[in-house]
Amino acid sequence: MTVAATMRGQITTILEGKILPFALWLLIACGRASTTASASAHPIARASQVPWCVVPGSNVDSTFAVAQARSLFASSDLVLKPHSVERVVARLVGKDSSVSLSFPEGWLVRLMPVEPNTLGGGGRVWVDGATGCGILLLHYE
């Protein structure tokens with residue numbers, strides 16, 4: 001037997017061993033292709049990972065922050081008023097203090113009952129400046 005014939009025999013054996021799994025994979029893939037949803041020409045709108053309580057890019061002011069804070073206490077029977085509303089701003093100062101940038105981060109709202117002799121009720125709420133969503137930080141009981 002010549003070297004060429006031996007190599008042909010080995011190549012045939014190698015190809016037969018690799019073609020069968022490939023053909024099986026191709027058959028399975030083609031069978032599943034009919035059950036796969038087709039891609040449309042228009043992109044599908046996906047929900048944002050960040051929950052937005054305002055339209056993205058809109059301004060969250062103190063009035064909106066107080067309204068968001070009150071909405072977290074909607075189940076309470078007490079009438080609440082804002083005791084304090086503080087704007088939280090991040091400041092970036094350059095190395096030589098010649099450059100300073102400010103970025104509004106959000107609002108810290110403290111709500112108290114309208115009735116002065118009431119124990120409990122109200123609390124502190126963080127209202128994010130970008131999303132407009134409120135987070136209950138402290139609930140007075």
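Quick notes on this one:
- Conditions (1) exposed (fewer than 15 other Cβ atoms within 10 Å of the Cβ); (2) part of a loop (DSSP other than H, G, I, E, B); (3) hydroxyl-bearing (S, T, Y); number of the one not met by T131: (1)
- None of G94, G129, G122, G134 is of a type outside the set (A, V, I, L, M) and in contact with a Phe, Trp or Tyr (Cβ under 6 Å, 6 or more places away or on another chain) except G122.
- Restricting attention to the range 92-120 and to residues that are in a strand (DSSP E or B) and free of Cβ contacts under 8 Å to residues at least 12 places away in the same chain, the residue that is surrounded by the most Cβ atoms within 10 Å (Cβ to Cβ) turns out to be V93.
Bear in mind that the values in this text are calculations on the coordinates, not laboratory data. Quick caveat: nothing in here was measured; it's all calculated off a predicted structure. When we count neighbours, we look across all protein chains shown, and the Cβ atoms used for this are built from the backbone with ideal geometry, even at glycine.
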